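Single-structure report; data block below.
The values are calculated or read from the model by the stated rules, or taken from the named source; none is laboratory data. Everything numeric here is computed off the predicted structure, so don't read it as measured data. Positions of Cβ are generated from backbone atoms using ideal geometry, with glycine treated the same way; all protein chains shown enter the neighbour counts. Keep in mind that these areas ignore ligands, DNA and RNA; they rest on the heavy atoms of the full protein, side chains included. Shrake-Rupley method; radii C 1.70, N 1.55, O 1.52, S 1.80 Å.
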Amino acid sequence: MIDIHKVQPIVTQYNQYKKTCTCGCVNVADYPEQANAPVSYGNNIESLIGYLSTRHYLPFRRLKEILNDVFNVSISVGGVHSLLSKLAVKAQPAYAAIKTRLTQSRLAVGSDITLCRKTTKN
(Lines give C-alpha, C1' and ligand atoms only; values in the text may rest on other atoms or scores of the structure.)
Protein backbone atom coordinates (compact mmCIF):
# COMPACT_ATOMS: atom_id res chain seq x y z
CA MET A 1 0.00 0.00 0.00
CA ILE A 2 1.37 3.38 -0.99
CA ASP A 3 -0.01 6.54 0.53
CA ILE A 4 1.10 10.08 1.24
CA HIS A 5 1.03 12.05 4.45
CA LYS A 6 -1.59 14.72 4.96
CA VAL A 7 -0.12 17.95 3.64
CA GLN A 8 -0.37 20.85 6.05
CA PRO A 9 1.13 24.32 5.79
CA ILE A 10 3.68 25.41 8.36
CA VAL A 11 2.79 28.87 9.62
CA THR A 12 5.40 30.84 11.54
CA GLN A 13 4.47 34.06 13.30
CA TYR A 14 7.26 36.56 13.89
CA ASN A 15 6.98 39.28 16.51
CA GLN A 16 8.95 42.47 16.27
CA TYR A 17 10.16 43.94 19.54
CA LYS A 18 10.95 47.58 20.13
CA LYS A 19 12.80 49.06 23.11
CA THR A 20 13.44 52.68 23.95
CA CYS A 21 16.76 53.26 25.66
CA THR A 22 17.14 55.71 28.54
CA CYS A 23 19.00 57.99 26.13
CA GLY A 24 15.91 58.09 23.88
CA CYS A 25 17.29 55.84 21.13
CA VAL A 26 14.70 53.36 19.82
CA ASN A 27 15.97 49.87 19.01
CA VAL A 28 13.78 47.73 16.76
CA ALA A 29 14.37 44.07 16.03
CA ASP A 30 14.53 42.99 12.39
CA TYR A 31 12.21 40.49 10.79
CA PRO A 32 13.79 37.61 8.89
CA GLU A 33 14.64 38.65 5.32
CA GLN A 34 11.91 36.56 3.72
CA ALA A 35 9.19 37.83 6.09
CA ASN A 36 8.92 41.20 4.37
CA ALA A 37 5.14 41.63 4.30
CA PRO A 38 2.22 40.96 6.65
CA VAL A 39 1.82 37.60 4.90
CA SER A 40 4.91 36.10 3.25
CA TYR A 41 5.25 32.81 1.40
CA GLY A 42 8.26 30.56 1.86
CA ASN A 43 10.66 29.09 -0.66
CA ASN A 44 8.77 25.79 -0.94
CA ILE A 45 5.46 27.41 -1.94
CA GLU A 46 7.35 29.77 -4.24
CA SER A 47 9.10 26.84 -5.92
CA LEU A 48 5.91 24.79 -6.22
CA ILE A 49 4.07 27.68 -7.88
CA GLY A 50 6.98 28.17 -10.28
CA TYR A 51 7.08 24.47 -11.12
CA LEU A 52 3.32 24.12 -11.64
CA SER A 53 3.20 27.29 -13.72
CA THR A 54 6.20 26.76 -15.99
CA ARG A 55 6.29 22.97 -16.29
CA HIS A 56 2.58 22.18 -16.19
CA TYR A 57 1.28 25.48 -17.63
CA LEU A 58 -1.36 25.93 -14.93
CA PRO A 59 -3.13 29.30 -15.07
CA PHE A 60 -3.11 31.56 -12.02
CA ARG A 61 -6.67 30.69 -10.94
CA ARG A 62 -5.96 26.96 -11.03
CA LEU A 63 -2.76 27.48 -9.06
CA LYS A 64 -4.78 29.40 -6.47
CA GLU A 65 -7.35 26.59 -6.37
CA ILE A 66 -4.74 23.83 -5.95
CA LEU A 67 -2.97 25.66 -3.14
CA ASN A 68 -6.28 26.13 -1.34
CA ASP A 69 -7.76 22.67 -1.97
CA VAL A 70 -4.66 20.50 -1.56
CA PHE A 71 -2.47 22.51 0.81
CA ASN A 72 -5.05 24.61 2.66
CA VAL A 73 -3.11 27.76 1.75
CA SER A 74 -5.15 30.80 0.87
CA ILE A 75 -3.49 32.95 -1.79
CA SER A 76 -4.92 35.43 -4.27
CA VAL A 77 -4.38 35.40 -8.03
CA GLY A 78 -2.36 38.58 -7.47
CA GLY A 79 -0.25 36.71 -4.90
CA VAL A 80 0.48 33.98 -7.45
CA HIS A 81 1.46 36.62 -10.00
CA SER A 82 3.70 38.36 -7.46
CA LEU A 83 5.51 35.14 -6.55
CA LEU A 84 6.06 34.28 -10.22
CA SER A 85 7.44 37.77 -10.83
CA LYS A 86 9.85 37.28 -7.92
CA LEU A 87 10.96 33.95 -9.39
CA ALA A 88 11.55 35.56 -12.79
CA VAL A 89 13.88 38.10 -11.18
CA LYS A 90 15.71 35.33 -9.30
CA ALA A 91 16.14 33.38 -12.56
CA GLN A 92 17.73 36.26 -14.52
CA PRO A 93 21.35 35.38 -13.60
CA ALA A 94 20.79 31.79 -14.77
CA TYR A 95 19.19 33.00 -18.03
CA ALA A 96 22.11 35.36 -18.61
CA ALA A 97 24.64 32.59 -17.99
CA ILE A 98 22.85 30.25 -20.41
CA LYS A 99 22.68 32.97 -23.06
CA THR A 100 26.39 33.72 -22.64
CA ARG A 101 27.35 30.06 -22.96
CA LEU A 102 25.17 29.63 -26.05
CA THR A 103 26.52 32.72 -27.81
CA GLN A 104 30.10 31.63 -27.09
CA SER A 105 29.57 28.03 -28.15
CA ARG A 106 30.58 26.82 -31.57
CA LEU A 107 28.17 23.91 -31.21
CA ALA A 108 25.01 25.97 -30.85
CA VAL A 109 23.19 26.75 -34.07
CA GLY A 110 20.51 29.40 -34.17
CA SER A 111 17.81 27.78 -36.25
CA ASP A 112 14.07 27.34 -36.27
CA ILE A 113 12.84 23.91 -37.31
CA THR A 114 9.14 24.71 -37.16
CA LEU A 115 8.98 25.11 -40.93
CA CYS A 116 11.01 21.99 -41.72
CA ARG A 117 8.96 19.23 -43.25
CA LYS A 118 9.76 15.62 -43.64
CA THR A 119 10.08 14.82 -47.29
CA THR A 120 9.24 11.35 -48.49
CA LYS A 121 9.81 9.78 -51.85
CA ASN A 122 6.92 7.82 -53.28
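Once R0 is set to 25 Å, what does the formula 1/(1 + (r/R0)^6) return for the Cβ-Cβ distance between Asp112 and His56, expressed as a FRET efficiency to the nearest 0.05?
With R0 = 25 Å, the Cβ-Cβ based efficiency is 0.50.
What is the distance, in nm, between label points placed 7 Å from the Cα along the Cα-to-Cβ direction at Leu84 and at Asn43?
Here the modelled spin labels are 2.3 nm apart.
Rolling a 1.4 angstrom probe over the protein heavy atoms, how many square angstrom per residue are accessible across segment 1-56?
Spelled out: the 1.4 Å probe surface of segment 1-56, per residue, equals 93 Å².
Ranked from the most accessible area to the least, with a 1.4 Å probe and all protein chains present, what is the order of His81, His5?
Largest accessible area first, the list is His5, His81.
Mind giving me the nanometre distance, one decimal, between the label points for Ala35 and Lys19, set 7 Å out from Cα along Cα→Cβ?
1.8 nm
Using 0.36 nm per residue, how much length does the chain from Ile4 to Ser105 gain when fully extended, once their Cα-Cα distance is taken away?
31.9 nm
Rounded to the nearest 500, what is the 222 nm mean residue ellipticity of the chain from helices alone, with -39500 (n - 2.57) per DSSP H run of 4+ residues and division by all residues?
Taken over the chain, the calculation gives -14500 deg cm²/dmol.
Toward the positive end of the charge dipole of the chain, about the Cα centre and with charges on Cβ (Lys, Arg +1; Asp, Glu -1), which of Gln8, His56, Val26 goes farthest?
His56
Give me the percent of accessible area attributable to carbon and sulfur for the chain, probe 1.4 angstrom.
Carbon-and-sulfur percentage of accessible area, whole number: 55.
For the chain, with only Lys/Arg (+1) and Asp/Glu (-1) charged at the beta-carbon, what is the dipole magnitude about the Cα centre, in debye rounded to 20?
About 680 debye.
Would you mind giving the average projected area, over all directions, of the Cα convex hull of the chain in nm² with one decimal?
17.4 nm²
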